1. Residues of the stretch 124-175 being under 15 Å from Arg71 (Cα atoms), open to solvent by less than 70 Å² (accessible area, probe 1.4 Å) and in a strand (DSSP E or B), which ones?
2. Restricting attention to the stretch 79-89, which residues are of a type outside the set (A, V, I, L, M, F, W, C) and open to solvent by less than 10 Å² (accessible area, probe 1.4 Å)?
3. It is to be established whether one or more residues within the stretch 68-88 are in contact with an Asp or Glu (Cβ under 6 Å, 6 or more places away or on another chain) and under 21 Å from Val135 (Cβ atoms).
4. When you go through (1) of a type in the set (Gly, Ala, Ser); (2) in a strand (DSSP E or B); (3) open to solvent by 50 Å² or more (accessible area, probe 1.4 Å) one by one for Ala98, which number turns out not to apply?
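The values are calculated or read from the model by the stated rules, or taken from the named source; none is laboratory data. Fair warning: this is a prediction, and the values are worked out from it, not measured in the lab. Every residue, glycine among them, receives a Cβ derived from its backbone with ideal geometry; neighbour counts consider all protein chains shown. Each accessible area value is taken on the protein alone, full model and side chains, heavy atoms only, with ligands, DNA and RNA left out. Shrake-Rupley method; radii C 1.70, N 1.55, O 1.52, S 1.80 Å.
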Amino acid sequence: MMFSFMKKVPKRLTATTNKSGFTLVELLLYFALVSILLVTVGSMFISIMEGRSTISSVTSLDRDGQFISMRLQYDLRRADSVQVPELSGESSAVLELAIDGQTITYQETNGQLLLTQAGESAVLHDQTIVDMFQVTRMGSADQTPLIQVRLELRSVIEEQTGPRSRIFETSVGLR
């Protein structure tokens, strides 16, 4: 004898062992893991790109600064005379040299350091901006002049912290 509450439940209402699809908990867990993975990979990518721009900025500053310094040293060592700055202790934003009868001029114009020789001008850098170019003549009138050059370069490569700049200083005596 069967009681009315013990009647057989129809088969379509009972739980089946044959599952097809994902449960809500499984989907939430999957999306959480994928989200964590994407955030991790994204932050690594951002860090790599920031590091790349920092390295590019430092490299361009060093390369341009070293090239300009070496070119100035080369020209100063072979110069017959320094025409500007003319007097000892005098500072100028222009360096004018006489080399083998020709006048060579270095000067900053609109953020570019220009080398002018025989009427032709050339920019001495490509990834930086010149913020300051200062030349000081040192030594007494009866001594071989010593020229001190101070150059401040700023990178054109943008970084998250702002533009990077660096000061280069060199002192060269004439021959």
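1. Within the stretch 124-175, Phe133, Val135, Ile147, Gln148, Val149, Leu151, Phe168, Thr170, Ser171, Val172, Gly173 meet the criteria.
2. Pro85
3. Step one: filter the stretch 68-88 for residues in contact with an Asp or Glu (Cβ under 6 Å, 6 or more places away or on another chain), giving 83-84.
Now restrict to residues that are under 21 Å from Val135 (Cβ atoms): 83-84.
Among the residues of the stretch 68-88, at least one is in contact with an Asp or Glu (Cβ under 6 Å, 6 or more places away or on another chain) and under 21 Å from Val135 (Cβ atoms), which makes the answer yes.
4. Status for Ala98: all satisfied but (3).
Okay, residues lined up against (1) open to solvent by less than 70 Å² (accessible area, probe 1.4 Å); (2) assigned to a helix (DSSP H, G or I):
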site	(1), (2)
Glu26	no, yes
Ser35	yes, yes
Val41	no, yes
Thr54	yes, yes
Asp62	yes, yes
Gly65	yes, yes
Leu72	yes, yes
Arg77	no, yes
Leu115	yes, no
